[in-house]
Amino acid sequence: MAKRKDEARSNETGARPFAQTYFHGTKANLQLGDLIKAGYNSNFDQRKNAKYVFLSSTLDAAIWGAELAMGTGKGRIYLVEPTGEIEDDPDLTDRKFPGNPTMSYRSTQPFRVVGEVTVWQGHAPEQLEAMKASLAKLREQGINSLNDE
């Protein structure tokens, strides 16, 4: 698994004109500057003490995160910056899918909330229900997340 360093930081040749944007979809109500940390309940499957926190470089993946997150609150999408190294999320990379099509990553280090996407279009209701049914089928088959390893 290739590890990546936070691309939003300056390098020795100077600041880059465009930094990598990362998103985190959830139902948690967070504020600017808050840290999203591992060790708390996961957004999914009611897992306690999640080992990782997740982010994506695509808005679509963050929308899925916001829509599928546990809880009854409003889905939210935050702009976040990693505070440490990130790595590919194995649930969405070579061990299950070729490459990293959703550009999804994980870390044991916190992410800092630096903004919020307040206007976004969710998936069609039938697409959301199909995804939920697919996830339920995987759970019934005992197929668990690679992030539990």
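None of the figures in this text is laboratory data; all of them are computed from the coordinates on show. Keep in mind it's a predicted model, so treat the numbers as computed, not measured. Cβ: placed from backbone, ideal geometry, glycine included. Neighbour counts: every protein chain shown.
Given R0 = 30 Å, the distance between the Cβ atoms of residue 34 and residue 87 translates into a calculated FRET efficiency of 0.85. Measuring nothing but how far apart in sequence close Cα pairs (under 8 Å, 6+ apart) lie, relative to its length, the range 21-134 scores a relative contact order of 34 percent.
The stretch between residue 129 and residue 70, if pulled fully straight at 0.36 nm per residue, gains 19.8 nm over its current Cα-Cα span. For the range 21-134, the share of alpha carbon pairs falling in successive 10 Å distance bins from zero is 15, 48, 33, 4 percent.
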